[in-house]
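Okay, structure first, notes after.
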Amino acid sequence: MALLEWDYQKSVDLLSAAVQQRPTDVNLWLRLSWAQIEIRRYGDALQTLNGGVYEQRMDPERAIVRAVANWQAQEHNEAMRDFDIALGGQPEWENSSWVKALHSPLVAQSIQEMQAERERQRQKAKVAASR
């Protein structure tokens, strides 16, 4: 079975119109942010998350969207903070098969890279603690 080719720019256009019509629908804002990441508009994705989602606490999906956007924008410290929040609330994000089944290759790669960075940081802390 061939993978579907997504027109992410068209998705951004349609989702942008949808959030204008339903500004309180958090899921639309999240989907718009994912689509913006796919077209490499990381700042827009972060702004969409910050502008459209008015929740005090950070839910796991919002955290992972922020983590991926920050990771792709080379803001690794912020990405790792959000990655930890996402994992704390939804540990499935560590399951690469689950991620690959539900998200694009860009998202899967970003999460895999953050997992590797997390492990690198753990090893570094372990070495430092043993001194």
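Coordinate-derived values only; no laboratory data. The model shown is predicted, which means the values in this text are computed figures rather than measured ones. Every residue, glycine among them, receives a Cβ derived from its backbone with ideal geometry; neighbour counts consider all protein chains shown.
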Starting at the first residue of region 11-28, write each ³J(HN,Hα) from the Karplus equation 6.51 cos²θ - 1.76 cosθ + 1.60 with θ = phi - 60°, in whole Hz, x for Gly and Pro.
-> 4, 4, 4, 5, 5, 4, 5, 5, 5, 5, 7, 9, x, 9, 7, 4, 4, 5
Are there chymotrypsin sites (Phe, Trp or Tyr not before Pro) in region 33-112 that DSSP marks as loop and that have at most 12 other Cβ atoms within 10 Å, and which are they?
-> 54
Convex hull projection area averaged over all views, region 72-131, Cα basis, nm² = 4.5 nm²
Pick out, in residue order, every one of the trypsin sites (Lys or Arg not before Pro) in region 50-124 that is DSSP loop and has at most 10 other C-beta atoms within 10 Å; say none if there are none.
-> 57
With +1 on each Lys and Arg Cβ and -1 on each Asp and Glu Cβ, how big is the dipole of the chain about its Cα centre, in debye rounded to the nearest 20?
-> 460 debye
Cα to Cα, under 19 Å, and not fewer than 8 places away if on the same chain: which aspartates and glutamates meet these conditions relative to residue 126?
-> 84, 117
Whole-Å distance linking the alpha carbon centroid of region 111-131 with that of region 64-79 is 17 Å
Quick shape summary for region 1-130, equivalent ellipsoid via Cα gyration tensor, semi-axes whole Å in descending order, reads 27, 17, 12
